[in-house]
Amino acid sequence: MRQIHFALLLGFAAFATALPSSPSTTHNNHRSTKDPKVLILGGGVAGVIAARTLHLNGVNEFLIVEARDELGGRMQNYTIAGIPGKLYTVELGPNWIQGTQTDNGKANPILTLARKYNVTNQPSDLDGSITTYDSGGFKDYRDLLNTSVNQLDEIRAVAGERVRTQQVDLSLQSAYGITGATPKNMYEAVCQYYEVDWSPDQTSWIASTWNNNFTFDVDMGGFSNKSNLCIDQRGFKTIIQAEAADFLHPEQVALNSVVTTIAYSGDGVTVTLKNGTTLTADYVLCTFSLGVLQYGDIAFKPALPSWKIEAIQSMVMATYTKIFLQFKKKFWFDTEMAIYADKERGWYPIWQSLDHKDFFLGDFSLRIEGMQDSDVQKEVMKVLRAMYPNMTIPEPVAFHFKRWHADPLFRGSYSNWPPSFFPSHSDNLRATVDKRLWFAGEATSLKYYGFLQGAYFEGLNAGEEIAKCVNDTACTGRKHLNSVLDAFPYPFFNITP
């Protein structure tokens, strides 16, 4: 059971056949002059689902304020056109429905939306369909993958015991050391990288365990241990754009509207846009990426209270980099995935073939974002040629990757809990300020942070709670702690000099 979303992934994509891409559904900027009761800042999954929930609760005086020219948030796709006359849609952001459904049990709401709008998705055999390589070419070390799976299962079991006995949280890297699973060579290291898929020294042992369980482990309340890859040529964003089109009116959406300032008080909110436009409302729901909040790209007036700032900075914004290459002819592995072992951790380790018969066709990531495309392509091609030392590998006809960390609208790909996890920080991250300023997104989800379903459920909950406020029924807001305290005082305060 792997969490694809927690990855510094360098994906490989080569294409054979595909359907032509179709235009996206968007809304124009024509708006009513009447002030809305609710401003929803951000038109991703959380924002659209919050709007839908308000609508279902009889609240239609809202406005979605979206900085981009379409709804969807981090659900973005790109058209590869390296071969004349052939267009192929690839996903720059979310690509998988992670944790689908077991028999007739609880379904992931993202899967439900995909079914509703006939968005094509295909089961992925991420643990079984793998070819392994090193700098000398093909080398079979697949048995180590099974070992890595078993090690991760043991680590999660021990994490559960630590929760039951109220032991402190540590990093995943510490967990591997405690259980005797520290990798001894680059093959064990890359297999562990593939199974864990994120920086273990920056990841909470306990939080990552239940984050995995609530999605993949049915016995723990999860959906299933399967993940489906979206291969729809309309783009994965179709699920949220089509859902929005089902209830939204054009005047309820403002596209190409970048927020710069949010002024709030007990009486209401005023939002200022980059073009100088001001919007007022009774309530505002911020669904910005955690990275945007951490960078301080939005000015809050007055400044956010210290407990909110601490909660925002308590998490890590991970960056997931996909690099797409297109070639005229196939020469690579026939499995879905491939792993490349190198002495340097994170050196282009994970490769994916998108022309597989079942389909239609970090720190290291931050380093890549600072490089020129041509230099990244040279590095990738060097690795690819090492994987196939007895072949002449041509230059790709198309090459593309998105710099999520550098994008001021996102500042990363998704949230991740670091070591020394405190649930109270999560509570404070989603807590309201003055009952007027609300927050929602995948980062505010204690159970599903980093997942699309986290954004879905948080948007749903925020919409329900704000509707109560608008309808004057039990408007309580979300409580916070002024200080998140350690369980024990630090010993040096009791030490006599």
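Read-outs: derived from the displayed coordinates by stated rules, not from any lab. Bear in mind the structure is a predicted one, so any value in this text is a computation, not a measurement. Methodologically, a virtual Cβ is constructed for each residue, glycine included, from the backbone with ideal geometry; neighbour enumeration extends over all protein chains shown.
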Check the straight Cα-Cα distances from K330 and name the aspartates and glutamates below 19 Å, setting aside those fewer than 8 residues away within the same chain. D355, D358, E395
Can you sort I97, I240, I178, I206 from fewest to most other Cβ atoms within 10 Å of each residue's own Cβ? I178, I206, I240, I97
Show me the GluC sites (Glu not before Pro) within the range 301-349 that DSSP assigns to loop and that have at most 13 other Cβ atoms within 10 Å of their Cβ. E344
For a distance above 37 Å, tell me the whole-number percent of Cα pairs in the chain that qualify. 29 percent
So if I average 1/r over every pair of distinct C-alpha atoms in the range 257-315 and take the inverse, what Kirkwood radius in Å does that give? 12.1 Å
Roughly how far apart, in whole Å, are the Cα centres of the range 48-87 and the range 202-246? 18 Å
How big is the dipole moment of the range 242-376 about its Cα centre under a simple scheme where the beta carbon of each Lys and Arg is +1, that of each Asp and Glu is -1, and everything else is neutral? Debye, nearest 20, please. 340 debye
Note on the range 386-437: alpha-carbon gyration tensor, axes a ≥ b ≥ c; rule is a/c under 1.5 for rounded, else prolate if a/b larger than b/c, else oblate; result oblate
Say R0 is 30 Å: what FRET efficiency, to the nearest 0.05, do E310 and T179 get from their beta-carbon distance? 0.45
Counting other beta carbons within 10 Å of each residue's own, what order do D434, D217 fall into, fewest first? D434, D217
What residues have an amide H closer than 5 Å to that of S224, excluding those fewer than 5 places away on the same chain, when H is modeled at 1.01 Å from N in the peptide plane? T100
Ordered by number, the trypsin sites (Lys or Arg not before Pro) in the range 34-127 that occupy a DSSP loop and have at most 14 other Cβ atoms within 10 Å are K34, K86, K106
Per residue of the range 473-482, in order, report the coupling 6.51 cos²θ - 1.76 cosθ + 1.60 (Karplus, θ = phi - 60°) as ³J(HN,Hα) in whole Hz, putting x for Gly and Pro. 10, 6, 7, 9, x, 10, 6, 9, 9, 5
For the chain, the charge dipole (Cβ of Lys, Arg +1; Cβ of Asp, Glu -1; about the Cα centre) points to a positive end, and the Cα of I40, G412, F488 closest to that extreme belongs to I40
Row for the range 60-102, column shape: gyration tensor on C-alpha, a ≥ b ≥ c, rounded if a/c < 1.5 i.e. under 1.5, prolate if a/b over b/c, else oblate; value oblate
Just rank L409, L293, fewest to most, by other beta-carbon atoms within 10 angstrom. L409, L293
Pairwise FRET efficiency - M381 versus Q166, Cβ, R0 = 45 Å, nearest 0.05: 0.30
Over the chain, cysteine residues that find no other Cys C-beta under 4.7 Å are C191, C230, C286
At a threshold of 8 angstrom on Cα-Cα distance, excluding pairs fewer than six apart, so keeping six or more, what relative contact order does the range 298-355 reach in percent? 23 percent
Go ahead and run the numbers for FRET between N471 and L366, Cβ-Cβ distance against an R0 of 60 Å, rounding to 0.05. 0.85
Could you tell me the relative contact order of the range 62-130? Use alpha-carbon pairs under 8 Å, at least six residues apart, and round to a whole percent. 17 percent
Scale the Cα Rg of the range 129-198 by the rule-of-thumb value 2.2 N^0.38 Å and send over the ratio, two decimals. 1.26
Rounded, prolate or oblate (a/c below 1.5 giving rounded, otherwise prolate when a/b exceeds b/c) for the range 164-237 by Cα gyration tensor: oblate
If every Lys and Arg gets +1 and every Asp and Glu gets -1 at its Cβ, then about the Cα centre the range 224-291 yields a dipole, in debye to the nearest 20, of 360 debye
Rounded to the nearest 5, the percent of DSSP beta bridges in the chain running antiparallel is 65 percent
Expressed in nm², what is the orientationally averaged projection area of the convex hull enclosing the Cα positions of the range 180-294? 13.1 nm²
What helix-only [θ] at 222 nm does the chain give? Using -39500 (n - 2.57) per DSSP H run of at least 4, over all residues, to the nearest 500, the answer is -8500 deg cm²/dmol
The range 379-497: relative contact order in percent, alpha carbon pairs under 8 Å with at least 6 residues between: 18 percent
